[in-house]
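See below for the structure under consideration.
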Amino acid sequence: MTTFYIITGVLLLLLMVPAVVRIVKGPTAIDRTVGVNVIGTKTAVLLVIIGMIFKRVDMFVDFALAYGLLNFIGSIAAARYLHRSKESPVGDRERDAKEAIQGASGEEARG
Amino acid sequence: MSFVFTIIGAILVVLGLVFFIGAAFGLLRFPDFYTRMHAAGKGDTLCSLLIVLGVAVGLLAEVDWTHFDWHHTVPQLLVPLKLLAICVFIMVSSPASTHALMDAGFDDGIEPVTAEGGNALADDGFHAVAGDPEPYEEGSKIE
């Protein structure tokens, strides 16, 4: 059974390579963040499998839980940082539309 | 009895690896931020759930079920319960972070792939083509 888990871990590690390629060449910053998120989740899974290989799952489960929690917090923080809005969490697009409507009606009133 | 748990756990882990193949190559090859997000979010969540659940079921094989004792059998179930807690946490947190990243990308103004963009998906006559050329620009067109 140890051989099975070793093969699983190696396959997980090899399948992280496409995510690394996406991180390296992603066109936008959020693409890279998605790749980092995928790799972080898979690292938590990999920690559980490493625990199965070393037969110390009772210890590695806590590491995996902490790593998953940190990964989630990191993703949320990156998403809030890359969010374009500056004043309110509503988003710029909505505010732009409101300003455009107000500007148009103002011009009509003046004309 | 115990080898049934081992076989079910191994099947779940292999299924998780298959889903991760789809997620990884979807993340690599899809043409658009939103489609990449789709592959990463769904495939990643399901793959993590299946692998951790498979490990938990595989651990049930090592529990001594023949002589059930409250003080010796039940503490052996602690690690599978923790793995189940990781499953629940992944099931909550991964779609939440996917939603937050998608929202950030939409507010950054990343354009989805459409037929007018001259992309590879539109030319083969097989995939669906969006009817509205710029479906996300309605609000900002008012001048």
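Things to note:
- Among the conditions (1) modelled with pLDDT of 90 or more; (2) surrounded by fewer than 17 Cβ atoms within 10 Å (Cβ to Cβ), B:LEU53 misses just one, which is (2).
- Scanning the range B:1-57 for residues that are among the acidic types (Asp, Glu) and facing another protein chain (nearest Cβ under 9 Å) yields a single hit, B:ASP44.
- Residues in the range A:1-52 that are hydroxyl-bearing (Ser, Thr, Tyr), without any contact (Cβ under 8 Å) to a residue 40 or more places away in the chain and more than 10 Å from chain B (Cβ to nearest Cβ): A:THR3, A:THR43.
- Extreme residue, surrounded by the most Cβ atoms within 10 Å (Cβ to Cβ), among residues of the range B:58-79 that are in contact with a helix residue (DSSP H, G or I) (Cβ under 6 Å, 6 or more places away or on another chain) and more than 9 Å from every other protein chain (Cβ to nearest Cβ): B:LEU60
The values are calculated or read from the model by the stated rules, or taken from the named source; none is laboratory data. What you see is a predicted model, and the numbers here were worked out from it, not measured in a lab. Note: ideal-geometry Cβ built from the backbone for every residue, glycine included; neighbour counts use all protein chains shown.
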